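Rule-based calculations on the coordinates, nothing more; no lab input. These numbers were taken from a predicted model, which means no experiment stands behind them. Here the Cβ positions follow ideal geometry from the backbone for every residue, glycine too, while neighbour counts run over all protein chains shown.
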Amino acid sequence: MADFDPNAGPTSRWLWRLAKITEDNHATWGGSGVTDHGALTGLADDDHAQYLNSARHTAITGNPHGTTAAQVGADASGTAAAAVASHVAAGDPHTQYLLESAVSAFGLTLIDDADAAGARTTLGAAAASHAHPASDISDSTVAGRNMLTAADVAAQKALLAYTTGDIGAQPTDATLAALAGLDASAGLLEQTGADAFTKRAMGVGASTSVLTRADGDGRFAALSHTHPASQISDSTAAGRSMLTAADAAAQRALLSLGTGALVNITVSTTAPGSPSVGDLWVDTN
Ligand SMILES: [Fe+2]
């Protein structure tokens, strides 16, 4: 009995009474029957609906115990609402923020733009990177714009309508065009016809090649040159022997002439004035 205080709340009082009944009955019944509370049957029965259990306690709404705001550390009802209403009613409770009334109507149209593109539209400004047509060049002329927008160089030339004389150039010439068509290979240029040219290689590489001086020296005789007697194509051996004999005596020997070949023979009607030894005179009288 000493375990339950009948004045410590309804649950404790209920338990005190149950213990008191059990104790009284036990004394009356002479000690037979269940003596342990935990051994009783029907312990889970909800036989006393007048007492609170967890389900009935949860079902209770409102404030059955009359708990005050002060008891739970809360402000009195209406305190927060009044504070909020006062704050809302204040003219400028957040001085760190700019009042909408301080922003111009134009500023407001800029603030609500979703992005930079929208802001540029509001401001009437162009993006940092943008293009213009030629017509936006304020000091441009029609002629200048036409050149600026011409499709290609050919179109620009047509716009200029220049002649070769305008730029001091020589008119197109078929001969020059033919020469311009030659490749970069080395060679000697030969004109083979009207506005027709061919290039001949220098040296002996081809039958059409043009000899250089060095090539020619190996193939042709110099302007001044000699030949041995053997290179006189129609000469005879006898003739070549006479041609190459060392002197007249050798030539006389080749001809098998004796000393008589050296005698002066005078055919006249008068004797020679001062003949040499061995001279002959034939008197024609
Ligand atoms: Fe010769």
### Query
Just the Cα atoms of the chain, one point each, no solvent: what log10 I(q)/I(0) does Debye give at q = 0.07, 0.09 Å⁻¹?
-0.86, -1.00
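How large is the charge dipole for the chain, taken about the Cα centre, if only the Cβ atoms of Lys, Arg (+1) and Asp, Glu (-1) carry charge, to the nearest 20 debye?
Numbers: 13 positive and 28 negative charges, 302 e Å.
Dipole size: approximately 1440 debye.
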### Task
Please return the longest stretch of the chain lacking exposed loop sites, where chymotrypsin sites (Phe, Trp or Tyr not before Pro) count only if DSSP places them in a loop and at most 13 other Cβ atoms lie within 10 Å.
221-285
### Principal axis dimensions, largest first and in whole angstrom, of the range 1-154 by Cα
134, 49, 22
### Query
What trypsin sites (Lys or Arg not before Pro) in the range 181-238 are in a loop by DSSP, with at most 16 other Cβ atoms within 10 Å of the Cβ?
Arg219
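Place a +1 charge on the Cβ of each Lys and Arg in the range 85-145 and a -1 charge on the Cβ of each Asp and Glu, then give the dipole magnitude about the Cα centre in debye, rounded to the nearest 20. Walk me through the numbers on the way to the answer.
Working: 2 positive and 7 negative charges, 39 e Å.
Computed charge dipole of the range 85-145: roughly 180 debye.
So what is Rg over Rh here for the range 134-285, counting just Cα atoms and using Kirkwood for Rh? Let's see the in-between values first.
On the way: Rg = 42.5 Å, Rh = 26.3 Å.
The Rg/Rh ratio comes out at 1.62.
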### Message
Can you give me the angle between helix 79-89 and the longest principal axis of the chain, using Cα atoms only, in degrees from 0 to 90, rounded to the nearest 10?
### Response
40
### Task
Provide, as a two-decimal number, the C-alpha radius of gyration of the range 234-285 over 2.2 N^0.38 Å, N being how many residues it has.
1.62
